[in-house]
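Asker: Take a look at this one; I'll ask things after.
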Amino acid sequence: MGRSKGFLCVAFVFFLTSLGRADNTAFDLAGPIVDIKVTRGDKILPISKVPNLQPGDRLWLHPDLPANQSIHYLLVAAFLRGATDSPPDIWFTKAETWKKPVSEEGVYITVPRDAQQVVLFLAPESGGDFGTLRKAVKDKPGAFVRASQDLMQASLDRLRLDHYLHVIRRTSNTEPQALHDRTVLMARSLSIRLDQQCFDKPTQEQAPCLTRNTEQLVLDDAQSQSMVATLTSGASSDLIGQITNSRLAGGGVYSAYVGAVVDVVRIMGNLHTPQFRYIPALALPQQDRLALKLNNPPSFRKPKSVLVVGLPAVQPAQVPSLRPVEPNTISCLQKSDLVLPVEGSPLIFASEYGHDFVLRLKDKAGTQFDIPITPDAARGGFVVDPASFPAGKFDRDLSGTIVGQWGFQPFEGPSFQLRNALPAKWLVASSDPSTLVVGRENTLRLQSDAAVCVDDVTTEDEQGVVLKTDWKMVSPTELEVQLGLKDVTPGPLTMMVKQFAMATPDPLPLQSFSEGASLDRFSLHAGDQQGTLEGRHLQEVTTLELRGVRFSPAGLEQTDQKDVLRLSAPNNQSVAGFKPGDQFVARVTLNDGRVLDLTTTVKPPRPQLSLLSKSVQPSNATQPVSFRLSNPNDLPQDGRLSFFLKSQVPDSFARTEKVEIAAADGSFRATLTVSAGDLVMQDAQTVLAILDPLRSLGPSAFGPLRFRPVDETGAAGDWQPLINLVRIPNLKEIRCPENPDKACTLRGTNLFLIDSLSTNSKFSRPVSVPAAYVDSTLSVPRPSGTLLYVKLRDDPGAVNRVSLPVLPDED
């Protein structure tokens, strides 16, 4: 055994050395051509469409040699039945190719029962050549079985590689910009190793990069395992691998076919005679012509060269397992240059074994139709030609299955989801605004089952002017459309959605508007007849409807940041059915007829307080006068207000709840809290509130005060009147002259706080204080005793009594 393995390696080295001496070590020498057709039953196929033979098949062999060729070739066909069983003599057929019956009519042979392989030999004519060849095969059938298998596999791999190289060179010359995409698809289709770094090179260098090191390009698929096993098993596999990638063996050129070479070397080692030397021939079928490719020129001197050719094995058909690249994708049948991407069977694309392919269409009603399809490796799948498809006779949803022939065997491939282009109704997605606004870019989402069949989308205004429209398909049922309306006048628009192969587009009427209201939120608390709408341009809002209750505008506040619109429901429309947490869609109607939807959640009831009692405490500051306020609802600015409040909603007063104090116009405000000591809990429902206006509101605060509760979420109750805050001037004394007919002088500060004064409560002879009065003295009538009656500017309706010291004039 060891000597045998050593002989194999030595023989192999010798063989490769002889190859290294040749001018070209690749299989690029053109050999003879043999025409072959196969008949099975009543059907005849060329050899290019026959992936396997079966017992009973009738083969027509016709060597296509020049009539004036000086060398006569003997064609020998040998059937084999396995590596361990010698074939009988009748399984060998010889044909003298130079004689007229063979050269003109060919020869017929029939595949016998139990045959497993077929090998052709082409040998130069010499005495005893047929017997010598037959004896070599009968003595060592296993070597020829292996040679037949690997030569056939090497030929198929060469078909894949040649197809890849041909398309690369053609694309590089005619469409270099398409080289990347086509190469990537071909690599997937033909199972070819791809060097991505080639695409980083300049365009003119990409094709040479992609086609170098061709021995490394062909990857193994399910049908290549026998070759792999030959190269990676056995004691001499490492040595063989090293040699076939060495410079001596041609730098690894076409080393994907080394399996066949290895077996031929074994045949040489066992069958070498002084008369014959065996060399491999790759068989590349084109229709019924089998073109032979050699890697070594044949010798016509002893030892003469015998060409060894492998034919398809005699076995059941091995139908390829074809699978879709994206099984869940939905495609439009009428799409221009539609390709159904598939993978898993390189020979579908590189050979003619698969033929007569059609896409068998079927709709839900069971209607069926076949349309032609063609495998195209550069496009990554089957190219569909739907020109003859009667679209109007089918539903929109279709199922298409690839069917055809694999040799003589019926073939059924994967199925695809398809859409038939038919007139469609398009809807604007409910999640998008229902309006288009001029002066800006607008985005719409159009929905229809026909989205996958859209070829183009255009838009025109009322005058027929075409508007800028960009679109893309986001799903088989939805389009995203970008519509430019920057220089467009508001008005009707028509969007035209054109589908593949349809002459008339689907019209979609639209309406464009000027800038409209934008809605942020609508706040409504349970139990309230009024809510607040926040957003922009809310002056355009006419009504808001929420579950049958119609709210109308009741007051708008606008700022630079946002608008707040109060909306009220009529008292005859009950809101009692709105519960906290209920979620509804409010429909907001604008003054131009647009209706916008706004999701609204009903909030918990707002807090409510009732005022139980209040008490005003004057300032403790000592003054030389007695100033008595006649209105119990007036609070001096330097005084103090104590008032009791009771919680109505909720049932108890939370310690986190606040009481807000503010002027009627909101110009100043203060917040009372439990934590700051301004609120003192009497019990769970009642709280004592204490207000020090000078400290809390400042010296410029005056006028009616109001209060409201604010809970921890920020929800505020209704404003309620609390008290009127008044400022009191600092009055010092009255100075009167001796002459009773002369007026007296009032002295003090902040006299501008006085509206008017009189010496009697009826104000029969009032003295008005001018606005913006800044003096510290004021001429007044002589009082009866020490009393003056004063009306304050902060409450001019109340008559207040002031007791002042009346002193003689210092003059």
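Asker: In debye to the nearest 20, how big a dipole does segment 377-492 give about its Cα centre with +1 on each Lys and Arg Cβ and -1 on each Asp and Glu Cβ?
Answerer: Dipole of segment 377-492, to the nearest 20 debye: 200 debye.
Asker: Non-local amide H neighbours of Ser331 (under 5 Å, H modeled in plane, Pro and chain starts lacking H): which ones?
Answerer: Gln417, Leu418, Arg419
Asker: Turning to a different aspect of this structure: Quick check: residue separation of Leu29 and Asp456 times 0.36 nm, minus the Cα distance between them. What number comes out in nm?
Answerer: 148.5 nm
Asker: Charges at C-beta only: +1 for Lys and Arg, -1 for Asp and Glu. How large is the resulting dipole of segment 52-144 about its Cα centre, in Debye rounded to 20?
Answerer: Dipole size: approximately 200 debye.
Asker: Moving on. Dipole magnitude of segment 655-811 about its Cα centre, charges +1 at Lys/Arg Cβ and -1 at Asp/Glu Cβ only, in debye to the nearest 20?
Answerer: The dipole of segment 655-811 has a size of about 360 debye.
Asker: Now a separate question. As an exercise, use a Förster radius of 30 Å and the Cβ-Cβ distance of Glu175 and Val325 to find the FRET efficiency, rounded to the nearest 0.05.
Answerer: Given R0 = 30 Å and the Cβ-Cβ separation, E is 0.85.
Asker: Could you give each residue of segment 541-554 its phi-based ³J(HN,Hα) in whole Hz, using Karplus coefficients 6.51, -1.76, 1.60 with θ = phi - 60°, and x for Gly or Pro?
Answerer: Rounded to whole hertz, the list is 7, 9, 8, 10, 10, 10, 6, x, 9, 9, 9, 10, x, 10.
Asker: Something else about it: Tell me which aspartates and glutamates have Cα within less than 16 Å of Lys742's Cα, excluding those fewer than 8 residues away on the same chain?
Answerer: Correct list for Lys742: Asp809, Glu810, Asp811.
Asker: Once R0 is set to 60 Å, what does the formula 1/(1 + (r/R0)^6) return for the Cβ-Cβ distance between Gln287 and Thr599, expressed as a FRET efficiency to the nearest 0.05?
Answerer: 0.30
Asker: How many nm separate the modelled label positions at Trp719 and Ser779, each set 7 Å beyond the Cα in the direction of the Cβ?
Answerer: With each label point 7 Å from Cα toward Cβ, the separation is 4.3 nm.
Asker: Of the cross-linked pairs Lys472/Lys498; Lys335/Lys468; Lys562/Lys658, which ones have a Cα-Cα span greater than 19 Å in the structure shown?
Answerer: Lys335/Lys468; Lys562/Lys658
Asker: Report, in listed order, any pair from Lys43/Lys140; Lys37/Lys138; Lys99/Lys304 with a Cα-Cα distance greater than 32 Å.
Answerer: Correct reply: Lys43/Lys140.
Asker: Let me ask something additional. Fully extended, how many nm does the chain gain between Lys43 and Ala83 (0.36 nm per residue separation, minus their Cα-Cα distance)?
Answerer: Roughly 11.3 nm would be gained on extension.
Asker: Mind giving me the FRET efficiency for Gln417 and Arg193? R0 is 35 Å, r the Cβ-Cβ distance, nearest 0.05 is fine.
Answerer: According to the calculation, E is roughly 0.65.
Asker: Antiparallel as a % of all DSSP beta bridges within segment 264-404, to the nearest 5?
Answerer: For segment 264-404, the DSSP antiparallel bridge percentage is about 80.
Asker: So, one more: On a full-extension model of 0.36 nm per residue, what is the gain between Ala676 and Leu165, subtracting their alpha-carbon distance, rounded to one decimal in nm?
Answerer: In short, 175.2 nm is gained.
Asker: Where a ≥ b ≥ c are the square roots of the eigenvalues of the C-alpha gyration tensor, would you call segment 51-134 rounded, which needs a/c under 1.5, or, failing that, prolate if a/b is larger than b/c, or oblate?
Answerer: oblate
Asker: Quick one: which residues, 5+ away or cross-chain, put their amide H under 5 Å from the amide H of Tyr278? H built at 1.01 Å from N.
Answerer: Residues meeting the criterion, in which the H sits 1.01 Å from N, are Val306.
Asker: A further question follows. Summarise the accessible area of segment 269-346 (1.4 Å probe, protein heavy atoms) by the percent that is carbon and sulfur.
Answerer: Percent of accessible area from carbon and sulfur atoms in segment 269-346: 46.
Asker: Give the accessible area for His62 in Å² (nearest 10); use a 1.4 Å probe, count only protein heavy atoms, and leave out ligands, DNA and RNA.
Answerer: In the full protein context, His62 sits at about 20 Å².
Asker: Still on this structure, please answer the following. Could you check the simple spin-label distance between Asn739 and Gln648, using points 7 Å along Cα→Cβ, in nm with one decimal?
Answerer: Label at Asn739, label at Gln648, 6.4 nm between them.
Asker: Near the amide H of Arg640, under 5 Å away, which other amide H atoms are found, from residues 5 or more places off or on another chain, if H is placed in the peptide plane?
Answerer: Answer set, sorted by chain and number: Gln617.
Asker: Another one. Roughly how many nanometres apart are two label points built 7 Å out from the Cα toward the Cβ at Asn572 and Ala663?
Answerer: 4.1 nm
The values are calculated or read from the model by the stated rules, or taken from the named source; none is laboratory data. Treat the numbers as computed from the prediction; the structure is a model and nothing was measured. Quick reminder, even Gly has a Cβ in these numbers, built from the backbone with ideal geometry, and neighbours come from all protein chains shown. Calculation scope for accessible area: heavy atoms of the full protein, side chains included, ligands and nucleic acids excluded. Shrake-Rupley method; radii C 1.70, N 1.55, O 1.52, S 1.80 Å.
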